[in-house]
Every structure is written in structure tokens, then in C-alpha cells.
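Read the structure below first, then the notes.
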Amino acid sequence: MKNITLIKGDGVGSEITDAVIKIINAAGVAIDWDIQTAGADVIEQEGVPLPKRVIESVKKNKIALKSPVTTPIGKGFRSVNVQLRKELDLYANLRPCYNLPNVKTRYDKVDIVVVRENTEDLYAGIERQVDEDTAESIKIITRTASERIAKFAFDYAINNNRKEVCVVTKANICKLSDGLFLESARKIASFYPQIKFREILVDNCCMQLVQNPNRFDVLLLPNLYGDIVSDLCAGLIGGLGIAQGANIGSDYAVFEPVHGSAPDIAGKDIANPTAMLMSAIEMLNYTGEFEAAKKIKLALFETLNADIKTADLGGSAKCSEFTDAIIERLAVLS
Ligand code: ATP
């Protein structure tokens, strides 16, 4: 039996978590979930949105599945997501984006992997009010973090049969910070002659992604551009409801959907659990549960092919109905 931390957030977090756990149980995977709550709802009892017990649990179990967590704006709390990534040194944010069956989008055959640096850049959280009318944010880029994420991207490319890594910066403007990220990527690229290396400016990258996404393979980006570009890529394949993600470090891995807690649709049983399920499928692969991962993916794809979809994909199925439809198909596959 595997021990895995389950971080239950708020907003749509608890609905999609329940759906995904039901599906994993139906696939017969034996997991002892260490359930941990985080986010706005725990502040009242525990004073902080990310209590120490959550970090301790992931440190003990090494792997976590996490649903979206809201950090209240303007109450002095650091983002739960940023803090978790920092404390566990989850330096690589991996977001594979590819078309799912029967999800109509502008482009076919999109197959992009976004590799985003996860620990620094403007997310270092170093800000100050210079005077009443001026605020300052400091963008931190270090050689160590840049080389480490570049190596992750090239290793990922090799291990997953990818052909090209494209580094995305604004090095013509942020000459020192993005310049260092670019220089680091160039250096690491020189050790991987079998992988094609390309450089692009972030504005041009966005334009080309919406014109012809098929020309991209693995994208390597500093934290902020990575955040923005991965939402763009999610849009290319059908939106945030299906975009999966993982945060990976040397010691720990936390799998979570790209989307936030979607308070606008919370509690209505209409959220799409696919992004969370796709993240869980990758988590199962990571833990060596290849058969179960394959079966769940097949059941998901068959459900979509049967035109059972949630509202974000133009369907009318509730989150619970969509979940049950996947479980029905799983039962036939078992
Ligand atoms: P964050 O800043 O926490 O990343 P965000 O501002 O990107 O959050 P989200 O919470 O991700 O916002 O929601 C963006 C939009 O996408 C909302 O309209 C939301 O309803 C929609 N959305 C997000 N997740 C889902 C989902 N699982 N199913 C359906 N719609 C979703």
C-alpha cells in the first residue's frame, strides 16, 4: 500500500478531489491517503493557510496530489502554492499540453510540454512600497536555479523522446536577469547535442503559439512567463478544465491541475475534474502504477468520445455524472 499526501483545497478543490479519489479507488489502486487541508478555510482554526503539518506530511510521504488552494488576497499571507513549492524545493513545474479526444479546439495535434522554473523570478516575493505612489518588485534569477531547470528540460526531452527545447525569455529587455537564464540554457544545451535548441522572445512566442502551436515541442521558461504561457497553452487544448501539472524537485513531487480554485463555479457540481484526473494519472505513472494509469486514461478518453462532457467543454454533464461515466467504463475495462 502506498502512502500519498492528499492536499484538499477550497473552491472547486474539494469537488474535483472527491471525484478523482472515487475514480482511483474504482481502478483498484491501493493508496493510503494522508488527507491534509489547506487554504482559506483552515485559516480560521489554525491561523495560517498552509499549516506545518501539510509540509511535514509531504516530506514523510514524498508524493502528493493537490487540488487548487485559495490564498486570500491582501491579508498578509504568502501564496500557499508558492510557499509549498519553495519549502519542498519543487523547482520544476511540468505542464504537458496535448489534445484530448473529442475536445474540439482550434488546432489538432498540439503536443507541447511547458517546463517552468518554480522557485524564483518575480515570485521571490521581494516587494516594497517605495513611497505612496511607487511600488517595487525585485526579479531574482540565479545561475544555479537556471542551470538546474535547463538540465531538467533537456533530461525530460531525452527521456520522453522529444526533439527540441526552446528557451523563452525577454533577454533583449531584461538583459541581466533573463540574459542569465538564456546564458544558462545555452550552456546546458551544449551538453545535449542530440536535442535541437531554439531561443525565442516571450512576446513572439505567444504570437507564434496562437498562430501555429505545432511548431513547438518543449518550452523552457522562467517562472512568470511560464505561468502565463502555460495558461495560453491550456487554452490551445480546451481550457483550464483539462490542463494537468506537476511540481517536481529532487526529493518530492506534488501533482496538481494548472487551474485555480475557480470560486465562480464552486459548489455547483459543474467543475471539470479532468485536469485534476490527468494530474493524478501522471502521479500514478510516477509511482509505477502504469496499468491503473493507462486504464483510467482510457476510461476518461472513452467518456469524452461518448460525448459526455462538462459545461466548460460545451457539454451538459455535472461533475458527478462525468465521474460516474468514467467509473462505469473503468468497470468494463477491469
Ligand atoms: P489562480 O490565480 O489561482 O491560478 P485563476 O485566476 O487562474 O486562479 P481559476 O480559478 O483557474 O482562475 O479560474 C479561471 C477560469 O477558469 C474561471 O472562469 C473558472 O471558472 C474556470 N475554471 C477553472 N478551473 C475549472 C474547472 N476545473 N472546470 C471548469 N472551469 C474551470
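Could you name the aspartates and glutamates whose alpha carbon sits less than 17 Å from that of LYS163, not counting residues in the same chain fewer than 8 places away?
ASP111, ASP155, GLU199, ASP217
Can you give the translational diffusion coefficient of the stretch 62-204 in µm²/s, computed by Stokes-Einstein from the Kirkwood radius over Cα pairs at 20 °C and 1.002 mPa s?
The Stokes-Einstein estimate is 123 µm²/s.
How far apart, in nm, are the 7 Å Cα→Cβ label points at GLU164 and ARG106?
Modelled inter-label distance: 1.9 nm.
Taking a threshold of 27 Å on the Cα-Cα distance, which of the pairs LYS86/LYS187; LYS8/LYS62; LYS86/LYS151; LYS62/LYS309; LYS2/LYS196; LYS59/LYS318 fall above it?
Long pairs (Cα-Cα over 27 Å): LYS62/LYS309; LYS2/LYS196; LYS59/LYS318.
Using Cα pairs under 8 angstrom and six or more residues apart, how large is the relative contact order of the chain, in percent?
Taking the mean separation of contacting Cα pairs over the length of the chain, I get 22 percent.
Would you mind computing, in nm to one decimal, how far apart the modelled labels at ASP89 and ARG186 are, each placed 7 Å from Cα along Cα→Cβ?
Here the modelled spin labels are 2.9 nm apart.
Through the Karplus equation 6.51 cos²θ - 1.76 cosθ + 1.60, θ set to phi - 60°, convert the phi angles of the stretch 180-189 into ³J(HN,Hα) values in whole Hz; use x for Gly and Pro.
Working through the residues one at a time gives 5, 4, 5, 4, 5, 4, 4, 4, 5, 4 Hz.
Expressed as a rounded percentage, what relative contact order does the stretch 140-218 have, with Cα pairs under 8 Å and six or more residues apart?
Relative CO of the stretch 140-218 lands at 40 percent.
What is the stretch 164-314's relative contact order, in percent, from Cα pairs under 8 angstrom and six or more apart in sequence?
Normalised by residue count, the contact order of the stretch 164-314 is 18 percent.
Pick out, from ALA262, ILE242, TYR252, the residue whose Cα sits farthest towards the positive end of the charge dipole of the chain, with +1 on the Cβ of Lys and Arg and -1 on the Cβ of Asp and Glu.
The Cα lying farthest towards the positive end belongs to TYR252.
Using the Cβ atoms and a cut-off under 13 Å, what net charge is assigned to the surroundings of VAL110, where Lys and Arg are +1 and Asp and Glu are -1?
For residues surrounding VAL110, the net value is +2.
What fraction of the DSSP beta bridges in the chain is antiparallel, stated in percent and rounded to the nearest 5?
Counting only bridges with both partners in the chain, antiparallel ones make up about 40 percent.
Roughly how far apart, in whole Å, are the Cα centres of the stretch 81-106 and the stretch 113-169?
14
Show me the trypsin sites (Lys or Arg not before Pro) within the stretch 42-98 that DSSP assigns to loop and that have at most 11 other Cβ atoms within 10 Å of their Cβ.
Here the sparse-neighbourhood loop sites are LYS75.
Please give the calculated 222 nm ellipticity per residue for the chain, where each DSSP H segment of at least 4 residues contributes -39500 (n - 2.57) and the sum is spread over every residue; nearest 500 deg cm²/dmol?
About -13000 deg cm²/dmol.
Which trypsin sites (Lys or Arg not before Pro) in the stretch 192-288 sit in a loop by DSSP (not H, G, I, E or B) and have at most 13 other Cβ atoms within 10 Å of their own Cβ?
Sparse-neighbourhood loop trypsin sites (Lys or Arg not before Pro): LYS268.
Over the Cα atoms, compute the radius of gyration (one decimal) and Dmax (the largest Cα-Cα distance, rounded to a whole number) for the stretch 248-333, in Å.
When restricted to Cα atoms, the stretch 248-333 yields Rg and Dmax of 13.9, 42 Å.
Going through the stretch 115-170, which trypsin sites (Lys or Arg not before Pro) have at most 10 other Cβ atoms within 10 Å and a DSSP loop state?
Listed in order of number, the matching sites are LYS163.
Would you mind working out the magnitude of the charge dipole of the stretch 119-237 relative to its Cα centre, with +1 at each Lys and Arg C-beta and -1 at each Asp and Glu C-beta, to the nearest 20 Debye?
Its charge dipole is roughly 840 debye.
For LYS60, list the aspartates and glutamates whose Cα falls under 12 Å from its own Cα; do not include residues on the same chain fewer than 8 positions away.
Result set, ordered by chain and number: ASP34, ASP251.
Which three semi-axes in whole Å describe the equivalent ellipsoid of the chain, each the square root of 5 times a Cα gyration tensor eigenvalue, listed largest first?
Equivalent ellipsoid of the chain: 31, 25, 19 Å, largest first.
Computed FRET efficiency, Cβ-Cβ of TYR286 and LYS175, R0 51 Å: what is it to the nearest 0.05?
The pair TYR286/LYS175 has a calculated efficiency of 0.85.
Quick one: which residues, 5 or more positions from VAL113 or on another chain, have an amide H under 5 Å from its amide H? H modelled 1.01 Å from N in the peptide plane, none for Pro or chain starts.
For VAL113, the qualifying residues are CYS97, VAL218, LEU219.
All of the numbers you see were taken from the coordinates with simple rules; none came from a lab. What you are looking at is a predicted structure, and each value in this text was computed from that prediction instead of being measured. Quick reminder, even Gly has a Cβ in these numbers, built from the backbone with ideal geometry, and neighbours come from all protein chains shown.
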